[in-house]
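The values are calculated or read from the model by the stated rules, or taken from the named source; none is laboratory data. These numbers come from a predicted model, not from an experiment. Quick reminder, even Gly has a Cβ in these numbers, built from the backbone with ideal geometry, and neighbours come from all protein chains shown. Each accessible area value is taken on the protein alone, full model and side chains, heavy atoms only, with ligands, DNA and RNA left out. Shrake-Rupley method; radii C 1.70, N 1.55, O 1.52, S 1.80 Å.
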Amino acid sequence: MAENRHAELGLSDEKVLEMYETMLLARRLDERMWLLNRSGKIPFVISCQGQEAAQVGAAFALDKEKDYVFPYYRDMGVVLTFGMTATDLMLSGFAKAEDPNSGGRQMPGHFGQKKNRIVTGSSPVTTQVPHAVGVALGGKMEKKDLVTFVTFGEGSSNQGDFHEGANFAGVHKLPVIFMCENNKYAISVPVEKQLACENVSDRAIGYGMPGFTVDGNDPIEVYKAVKEAAERGRRGEGPTLIETVSYRLTPHSSDDDDRSYRSPDEVAKAKSNDPIITFGAYLKETGCMDDELEKTINDRVMKLVNEATDYAENAPYADAEEALKYVYAEKQ
Ligand SMILES: Cc1ncc(C[n+]2csc(CCOP(=O)(O)OP(=O)(O)O)c2C)c(N)n1
Ligand SMILES: [Mg+2]
């Protein structure tokens, strides 16, 4: 038996199985979206593949009744944990009227769902960072017990928005968790050509907050780091920067050909550390899951993915007359 690392964090076997199932749902939805894209049914995919452990591990450490999340386009694992459904995500992929994110107006990956405290973002990368800082400031002024959680890529950590947001949160000791999902690439640019320092987390000291680099393929390690950051925020001790290191297993998007800038060998090597496989192995080694349960979980997930696909494919598009709805204020 391998060492049980989840029990000491207060995570039950049921909870870690729930984490695994959420990671798997994100992966299977993403895989289905690629098939739908390549068969001409949906216009665009931007993947979570390789980052599910970081996303789900982090989101499980937050309070879904109090905290606000500011996800970036890859964060299927975050939004699924916060209550968005497989059908909601497929409706977005097919750009149908019922898509809760934008009613089929935006590209997929522009998550936003008020009832689940998922705050809508914009296409320019990193704009969600100052938004998360602003909501944390509002929460502090209103003496609310909330933490804001914002994610972004390592490429995006070079944008001014990150530095301005981090500085403001540091100065005002705001309860923000900055989580950089370092997947080693910003489209075709490898991390060595993006950062002059070794780790994104090295930047934390410049903004007066603690910074940690953790294994983004290990949901338990990410859970622990985010849980501690949330507790620090709730105690009034200010923000934290967490960098989760993983690897982007797919091309940047369905419009990218990654063979032009990285070798198939490099990708194959990263796939041997695929968090779906390594976390599945951990659950087996600790006696939480056997082959039969693994199959049951996979079957349950595939049923959801199939139902979501059928529903979204058959759902109506928005009426043309609705195109400007939510763009301009309407007379009450
Ligand atoms: C301000 C801005 N500049 C450029 C782009 C185009 N763009 C979209 S994603 C991306 C790469 C971002 O890389 P990273 O932050 O590492 O995130 P990843 O896609 O690797 O998860 C770029 C340059 C954009 N959307 N916004
Ligand atoms: Mg990146």
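The relative contact order of the chain, computed from alpha carbon pairs under 8 Å that lie at least 6 residues apart in sequence, is 23 percent.
Here the chain has 52 percent of its accessible surface on carbon and sulfur atoms, given a 1.4 Å probe and all protein chains in place. Spatially, the range 305-332 and the range 103-143 are offset by 20 Å when compared through their Cα centroids. In the context of the full set of protein chains, the chain has a per residue accessible area of 46 Å² (1.4 Å probe). My understanding is that a pair violates if its Cα-Cα distance is over 18 Å; which of K15/K227; K64/K184; K115/K173; K15/K114; K193/K271; K96/K325 do that in this structure? The answer is K64/K184; K115/K173; K15/K114; K193/K271.
Shape class for the chain, computed from the alpha carbon gyration tensor (a ≥ b ≥ c): rounded, with a/c under 1.5. Loop-resident GluC sites (Glu not before Pro) (DSSP state other than H, G, I, E or B) in the range 220-253 with no more than 14 further Cβ atoms inside 10 Å of their Cβ: E237. Mean separation of Cα pairs under 8 Å and 6 or more residues apart, divided by the residue count, gives the range 85-240 a relative contact order of 18 percent. Sparsely packed loop sites in the range 88-149 (the trypsin sites (Lys or Arg not before Pro) outside DSSP H, G, I, E and B with at most 16 other Cβ atoms within 10 Å) comprise K143, K144. With the contact rule set at Cα under 8 Å and sequence spacing of 6 or more, what percent relative contact order holds for the range 25-163? It comes to 23 percent, rounded to a whole number. Sites listed here are GluC sites (Glu not before Pro) in the range 1-49 whose DSSP assignment is loop and whose Cβ has at most 10 other Cβ atoms within 10 Å: E3.
Per-residue accessible area (protein heavy atoms, 1.4 Å probe) orders I118, I187 as I187, I118, starting from the largest. Restricting the calculation to alpha carbons of the range 10-85 gives Rg and Dmax of 13.3, 45 angstrom. Here is how the number arises for the chain: DSSP H runs of 4 or more residues each give -39500 (n - 2.57), the sum is divided by the residue count, and the result at 222 nm is -13000 deg cm²/dmol.
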